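Heads up: the structure comes next, in structure tokens.
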Amino acid sequence: GWALTEGDGSGNGRCAIVRDGAAVWDVFVLDSGMTWAESTGVDWMGAAIGRLAAARGRICPAAVFFHIPLGVYERARLTGAYQGVALEEALCWGDEDDRLADTIADMGAVRAGYCGHSHRNDFVCSRRGVRFAYGRVGGYGGYGELARGAKVVTLRDDGAVSDETVLF
């Protein structure tokens, strides 16, 4: 099962996926704001992961969803270190110095991060063991020539994560 477990009142929240009374995954949703520079989401998530690890006596794997891409996406696009479709710049407003992917990796819990915003991109890259992927453009009111679809994310009991694009 799952339950919306907590939030910070600023658009950031956490949902625990529970099996047999124990959390097996934490899923975070962060408000990246208009720019990452204005967002407190990554700091809030890091504090929550630390607090939860102390209370649980273990680190629970986590996935995080946000709107604005991190700098790691644009760096991967520019260097070709990605798999999938990259048809436009990854506008990583406020993370141009590409620091947040390392901050997330340093938390030790996050296995994957998913973003949106750039409707012409649907690719995956990684940094220090964290998978970073675009969601697929889903609505018909947005721009871009990619077929509409969704990113289906699978969180496994062993802490592994996978995803696939399903087209409508």
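The values are calculated or read from the model by the stated rules, or taken from the named source; none is laboratory data. Just so it is clear, the structure is predicted and the values come from calculations on it, not from any experiment. Here the Cβ is made from the backbone with ideal geometry for all residues, glycine too, and neighbour counts use every protein chain on show. Ligands, DNA and RNA are excluded from the accessible area calculation, which covers all protein heavy atoms including side chains. Shrake-Rupley method; radii C 1.70, N 1.55, O 1.52, S 1.80 Å.
State the percent of C-alpha pairs, over all pairs in region 88-145, separated by a distance greater than 15 angstrom.
Values: 883 of 1653 pairs.
Above the 15 Å cut-off, region 88-145 has 53 percent of its Cα pairs.
Taking the Cα centre of region 1-89 as the origin, how large is its charge dipole in debye, to the nearest 20, when only Lys and Arg (+1) and Asp and Glu (-1) carry charge on their Cβ atoms? Show your work: numbers first, answer last.
Details: 7 positive and 10 negative charges, 89 e Å.
Computed charge dipole of region 1-89: roughly 420 debye.
Within the set of other residues whose C-beta is less than 12 Å from the C-beta of Glu88, count the net charge using Lys and Arg as +1 and Asp and Glu as -1. Provide the component values of the computation, followed by the final result.
Values: positive: Arg77, Arg120; negative: Glu74, Glu89, Asp122, Glu145.
That works out to -2.
Could you work out what % of the accessible surface of region 2-148 is carbon and sulfur, using a 1.4 angstrom probe and leaving DNA, RNA and ligands out of the count? Mind showing how you got there, number by number?
Working: 3690 of 6730 Å².
Looking at region 2-148 in its full context, I get 55 percent from C and S.
So what's the back-of-envelope 222 nm ellipticity for the chain, counting only DSSP H runs of four-plus at -39500 (n - 2.57) apiece and dividing by all residues, rounded to 500?
Calculated from helices alone, the mean residue ellipticity at 222 nm is -5500 deg cm²/dmol.
Counting Lys +1, Arg +1, Asp -1, Glu -1, what net charge surrounds Gly149 among other residues with beta carbon under 11 Å of its beta carbon? The partial results should precede the final answer.
Numbers: positive: Arg136, Arg148, Lys151; negative: Asp122, Glu164.
With Lys, Arg at +1 and Asp, Glu at -1, the neighbours total +1.
Which log10 I(q)/I(0) values does the chain give at q = 0.10, 0.12 Å⁻¹ under the Debye formula, counting every alpha carbon as one identical point scatterer?
Scattering profile of the chain, log10 relative to I(0): -0.36, -0.52.
No solvent, one uniform scatterer per C-alpha: report log10 I(q)/I(0) for region 52-128 via the Debye equation at q = 0.11, 0.12, 0.14, 0.22 1/Å, two decimals.
For the requested q values the scattering log ratios are -0.30, -0.35, -0.47, -0.99.
Can you tell me the dipole magnitude for region 7-56 around its Cα centre, using point charges on the Cβ only (Lys, Arg +1; Asp, Glu -1), in Debye to the nearest 20?
Numbers: 4 positive and 6 negative charges, 51 e Å.
It works out to roughly 240 debye.
If you average 1/r over all unlike Cα pairs in region 1-92 and invert the result, what Kirkwood radius do you get in angstrom? Mind showing how you got there, number by number?
Working: mean 1/r = 0.0677 Å⁻¹.
The answer is 14.8 Å.
Just need the relative contact order of region 1-134 here, percent rounded to a whole number, with Cα pairs under 8 Å and 6+ apart.
Relative contact order, region 1-134: 21 percent.
What figure, in Å² to the nearest 10, do you get for the accessible area of Phe168 with a 1.4 Å probe and non-protein molecules left out?
Approximately 150 Å² of Phe168 is accessible to the 1.4 Å probe.
With everything on Cα atoms, drop me the angle between helix 41-56 and the longest principal axis of the chain, reported from 0 to 90° to the nearest 10.
30 degrees
Do any trypsin sites (Lys or Arg not before Pro) in region 61-168 lie in a DSSP loop with no more than 16 other beta carbon atoms within 10 Å, and if so, which? Could you put the intermediate results ahead of the total?
Working: sites: Arg75, Arg77, Arg99, Arg111, Arg120, Arg127, Arg128, Arg131, Arg136, Arg148, Lys151, Arg156; in loops: Arg99, Arg120, Arg128, Arg136, Arg148, Arg156.
Passing sites in region 61-168 are Arg99, Arg120, Arg128, Arg148, Arg156.
Name the residues whose placed amide hydrogens come within less than 5 Å of the amide hydrogen of Ser126, ignoring near sequence neighbours (fewer than 5 apart) on the same chain.
Phe132
How many angstrom separate the Cα center of region 71-96 from the Cα center of region 15-46?
So the separation of the two Cα centres works out to 22 Å.
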